[in-house]
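What follows is a short report on a single structure.
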Amino acid sequence: MSDKLEVLLLDDEPIVGKRLKPALVKIGCNVEVFEEPAVALKRLAEKIFDVVVTDIRMDDIDGIQILEEVRKRSDRTKVIMITGYAMMALAREAMEKGAFDFIAKPFQPDDLRRVIAKAASELGVSVDFETEMQEEI
């Protein structure tokens, strides 16, 4: 196993990947960013990631479908759902289908880094969250 957490980040808004990738790289993650769900699904068929962070609401393929595909391939992968639509029914559905956690937009990079650190801990991988926590992004 790599000493770095392998993270796939999927959000159809380009700004999300641009803002979050550097925040996750700083705590020691290898991050692959995708804006197209179909392209992300293709990559998920090629590689098992430690953590998948996906938006729930996207055109064509939504985050619940991404979650279902990840669950078929790996019970170990932690899936974190993000959405601008803080709908409890969707959050419940995601959690019932095996999502690790749920974050509602808007959120700060540290909010995601905290959840990633929690997922890493469960996976037995350490991320250097505490030292970077003071930094503004």
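Where a number appears in this text, it was derived from the coordinates with a stated rule and is not lab data. If you're wondering where the values come from, they're calculated on a predicted model, not measured in any experiment. Note: ideal-geometry Cβ built from the backbone for every residue, glycine included; neighbour counts use all protein chains shown.
Of the trypsin sites (Lys or Arg not before Pro) in the range 63-113, the ones in a loop by DSSP (not H, G, I, E or B) with at most 16 other beta carbons within 10 Å are Arg76, Lys97. Taking every alpha-carbon pair under 8 Å whose residues sit at least 6 apart, the range 5-121 reaches a relative contact order of 24 percent. Restricting the chymotrypsin sites (Phe, Trp or Tyr not before Pro) of the range 50-126 to loop positions (DSSP other than H, G, I, E, B) with no more than 15 neighbouring Cβ atoms within 10 Å leaves Tyr85, Phe107. Taking 0.36 nm per residue of sequence separation and removing the Cα-Cα distance, the Met95/Asn30 pair yields an extension gain of 20.9 nm. Over the chain, the ratio between the Cα radius of gyration and 2.2 N^0.38 Å evaluates to 0.95.
Compute the FRET efficiency between Ala45 and Met88 as 1/(1 + (r/R0)^6), taking r as their Cβ-Cβ distance and R0 = 41 Å, and round to the nearest 0.05. Given R0 = 41 Å and the Cβ-Cβ separation, E is 0.85. When only the Cβ of Lys, Arg, Asp and Glu is charged (+1, +1, -1, -1), the dipole of the range 5-121 relative to its Cα centre reaches about 480 debye.
Along the chain, counting only GluC sites (Glu not before Pro) with a DSSP assignment other than H, G, I, E or B and at most 13 other Cβ atoms inside a 10 Å radius, the longest segment between sites is 1-134.
Coupling constants for the range 120-128 follow from the phi torsions by the Karplus curve (6.51 cos²θ - 1.76 cosθ + 1.60, θ = phi - 60°), and in residue order they are 4, 4, 5, 8, x, 10, 9, 10, 8 Hz; glycine and proline get x. Karplus-derived 3J(HN,Hα) values for the range 51-61, using 6.51 cos²θ - 1.76 cosθ + 1.60 with θ = phi - 60°, are 9, 10, 10, 9, 5, 7, 8, 9, 6, 6, 10 Hz; glycine and proline are entered as x. If a paramagnetic tag sat 7 Å from the Cα of Phe107 along the Cα-Cβ line, which residues of the range 1-20 would have the backbone N under 20 Å from that point? 5-20, by backbone N distance to the label point.
So what is the 222 nm mean residue ellipticity for the chain from helices alone, if each DSSP H run of at least 4 adds -39500 (n - 2.57) and you divide by all residues, rounding to the nearest 500 deg cm²/dmol?
Numbers: 6 runs with 61 residues, N = 137.
Calculated mean residue ellipticity at 222 nm is -13000 deg cm²/dmol.
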